[in-house]
1. Might you let me know whether the range 114-129 holds any residue that is more than 18 Å from MET43 (Cβ to Cβ), among the β-branched types (Val, Ile, Thr), surrounded by 17 or more Cβ atoms within 10 Å (Cβ to Cβ) and at pLDDT 95 or above?
2. Just for the range 242-274: of the residues that are β-branched (Val, Ile, Thr) and either surrounded by 16 or more Cβ atoms within 10 Å (Cβ to Cβ) or in a loop (DSSP other than H, G, I, E, B) (or both), which one is modelled with the highest pLDDT?
3. Can you pull out every residue in the range 171-184 that is part of a loop (DSSP other than H, G, I, E, B) and surrounded by fewer than 16 Cβ atoms within 10 Å (Cβ to Cβ)?
4. Check the range 67-81 and report whether any residue there is closer than 24 Å to ASP232 by Cα, of a type in the set (Gly, Ala, Ser), open to solvent by less than 20 Å² (accessible area, probe 1.4 Å) and in contact (Cβ under 8 Å) with a residue 24 or more places away in the chain.
5. Could you tell me which residue of the range 185-208 is farthest from ALA18 (Cα to Cα), considering only residues that are open to solvent by 10 Å² or more (accessible area, probe 1.4 Å) and touching a residue at least 60 places away in the same chain (Cβ under 8 Å)?
6. Taking the range 199-241 as the search range and keeping residues that are of a type in the set (A, V, I, L, M) and part of a helix (DSSP H, G or I), which one is modelled with the lowest pLDDT?
Amino acid sequence: MANPVVRIPDAKVALSTASVYPESTATAFEIAARLGYDGVEVMVWNDPVSQDMEALRRLSDFHQIPILAVHAPCLLITQRVWSTDPWVKLQRAQAAAEKLGATTVVVHPPFRWQRQYARDFVAGIWRMANETDVRFAVENMYPWRYRDREMLAYAPDWDVTKDDYRHFTIDLSHAATARTDALQMVDRMGDRLGHVHLADGSGSNKDEHLVPGRGTQPCAELLERLAVSGFDGHVVIEVNTRRAMSSAEREADLAEALAFTRFHLASAVKVPRR
């Protein structure tokens, strides 16, 4: 029999700058280049460099590592980054993506207390998506839990597949925290799945963002499904390395995550050699 060959999808594997926290955005570029990532996703947050387009361009040029995506400042700790107006934040994220050559802006659904923003969110995202070639990929979230209490913190819903968006981001750590079936969610997203945040989770109340393969989520199965489907978005490693005891241990975790991702993207589809 002919030896099989492996077909690798066009998806690029990027490192989220959040994955090196508490180290800096600049460190993320250095690590991504050294380990062989295809690019980075810039998490815009309190690090001034993450908010500075010229500084990010210089880092990208110096390390020869492209910026593939921009994560808009949607976290509680970034409520004052790039304005307190959430629409201004998204406009600045779009402008940053266009200026830096990124193809995707990742955005979370609004918090429930952002009532006007939440009311207009679905229509507003469509309006912005129609004005640019940049993808606005809305990310699945999760209920907040404390002991046996659950609070629905996001609107219109933490399960973004209940609303109509042009593109989605699937985050497997968030799916674990929500205790929902990630592959069923991917099925509901269908061909509107435009972006992946790859991290593992065990179903804890806390959003864990474990290195893929260290939790219970179908990380390998998802990657293999992406290969079969010809997914052309980006796969972004977004893991929590805060417990790393040293920079070397953090880098080893990020190397392991990259190896896991490349292996399962490359091993899924085998076709006979002609």
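1. yes
2. Filtering the range 242-274 for residues that are β-branched (Val, Ile, Thr) and either surrounded by 16 or more Cβ atoms within 10 Å (Cβ to Cβ) or in a loop (DSSP other than H, G, I, E, B) (or both), the one modelled with the highest pLDDT comes out as THR261.
3. ARG179, ASP181
4. Yes, the range 67-81 has at least one match.
5. ASN205
6. My answer is VAL228.
The values are calculated or read from the model by the stated rules, or taken from the named source; none is laboratory data. Because the structure is predicted, anything quoted here is derived from the model rather than measured. We place every Cβ from the backbone using ideal geometry, glycine too, and count neighbours over all the protein chains shown. For accessibility, only protein heavy atoms count, side chains too; no ligands or nucleic acids. Shrake-Rupley method; radii C 1.70, N 1.55, O 1.52, S 1.80 Å.
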